[in-house]
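See below for the structure under consideration.
The values are calculated or read from the model by the stated rules, or taken from the named source; none is laboratory data. Computed from a predicted structure; not experimentally measured. Virtual Cβ from ideal backbone geometry, glycine too; neighbours counted across all protein chains shown.
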Protein chains: 2
Amino acid sequence: MPEEKHNSLGHHYIVEASGCDPKVISDVSQVQQILVKAAELAGAKVRAVSFHAFPPTGVSGVVVISESHISTHTWPEYGYGALDFYTCGEQVDAEKGFFYAVEAFGASSSQITEITRGIDEGDQIYFHSFVTWEEEFKG
Amino acid sequence: MPEEKHNSLGHHYIVEASGCDPKVISDVSQVQQILVKAAELAGAKVRAVSFHAFPPTGVSGVVVISESHISTHTWPEYGYGALDFYTCGEQVDAEKGFFYAVEAFGASSSQITEITRGIDEGDQIYFHSFVTWEEEFKG
């Protein structure tokens, strides 16, 4: 039987970005560039990208990175962008990536929840836990 | 000024599936089929898929659906699969999709958190909220 342990198998950051620049977050090409650069700044290896426009003016996209993913869904009409940074392993600095993305979106503030995924106390029954905080950005 | 309201812009289900069948969740083709069928059962329109194997035996994949996404990252050596179902709009029955996927993975139990994304109380400062529960499945 395994000894007691508190391992985890991923860190997943759930980010609501408010006050974003509608010109930036309505542009599929710019949003894709921002997410790919965020992945690179975080030290993640990009494996695939899929971005598209959705009505009326939003952008939806996923960057598949090794073992995990980064995604965004934007509503320019509300100045709102939803971001997810899901990373595995110790090599990736997710916070560096999503702070870049949120600032590149021109956000004035964001709420962030870090979810620790796949926590195992030794019985192979997996669960997750949360920490939530808020950030303000200079306009 | 907008009147007070509590709109939201998405429902995001974070699922930890334990006791999964290692044969199923180590097979890229099967995992992709399960996620695509889960999207279809949920009533979502599939726009793109990206699945790959990662060492030593895991599968990582994303199904891009209209306005949102479904993803999984599996660790067959632990019988563990992480699932995300992020949906927007009222047309998609995400629970129908992820319950299908979790049972197709052969899971014995799961922890599920529903995150309501992009909640606006009328000031265009967006936040999210959580509800967490657990499910047991027959082996």
Filter the range B:130-139 for residues that are loosely packed, with under 14 Cβ neighbours inside 10 Å and not aliphatic (A, V, I, L, M); which is farthest from the other protein chains (Cβ to nearest Cβ)?
B:138
Take the residues of the range A:49-96 that are within 22 Å of residue B:127 (Cα to Cα) and of a type in the set (D, E, K, R): which is farthest from the other protein chains (Cβ to nearest Cβ)?
A:96
Identify all residues within the range A:61-77 that are closer than 16 Å to residue A:31 by Cα and more than 13 Å from the chain's Cα centre (by Cα); write none if there are none.
A:75, A:76, A:77
I need a count of the residues in the range B:97-123 that are within 11 Å of chain A (Cβ to nearest Cβ) and in contact with a helix residue (DSSP H, G or I) (Cβ under 6 Å, 6 or more places away or on another chain).
1
Could you tell me whether any residue of the range B:7-14 is out of contact with any Cys (no Cβ under 6 Å at 6 or more places or on another chain), buried (at least 18 other Cβ atoms within 10 Å of the Cβ), facing chain A (nearest Cβ under 10 Å) and assigned to a loop (DSSP other than H, G, I, E, B)?
yes
Only one of (1) crowded, with 19+ Cβ neighbours inside 10 Å; (2) in contact with a strand residue (DSSP E or B) (Cβ under 6 Å, 6 or more places away or on another chain); (3) in contact (Cβ under 8 Å) with a residue 40 or more places away in the chain fails for residue B:114. Which number is that?
(1)
In the range A:81-106, what count of residues is obtained for those that are surrounded by 18 or more Cβ atoms within 10 Å (Cβ to Cβ) and under 14 Å from the mean Cα position of the chain (by Cα)?
18
Subset tally (residues that are in contact (Cβ under 8 Å) with a residue 60 or more places away in the chain and within 11 Å of chain B (Cβ to nearest Cβ)) for the range A:32-48:
0
Considering only the range A:1-53, how many residues are modelled with pLDDT under 95 and closer than 17 Å to residue A:78 by Cα?
1
Test for residue A:29: is it small (Gly, Ala, Ser), more than 7 Å from every other protein chain (Cβ to nearest Cβ) and free of Cβ contacts under 8 Å to residues at least 40 places away in the same chain:
yes
The range B:49-66, residues that are buried (at least 19 other Cβ atoms within 10 Å of the Cβ) and touching a residue at least 24 places away in the same chain (Cβ under 8 Å):
B:58, B:59, B:61, B:63, B:65
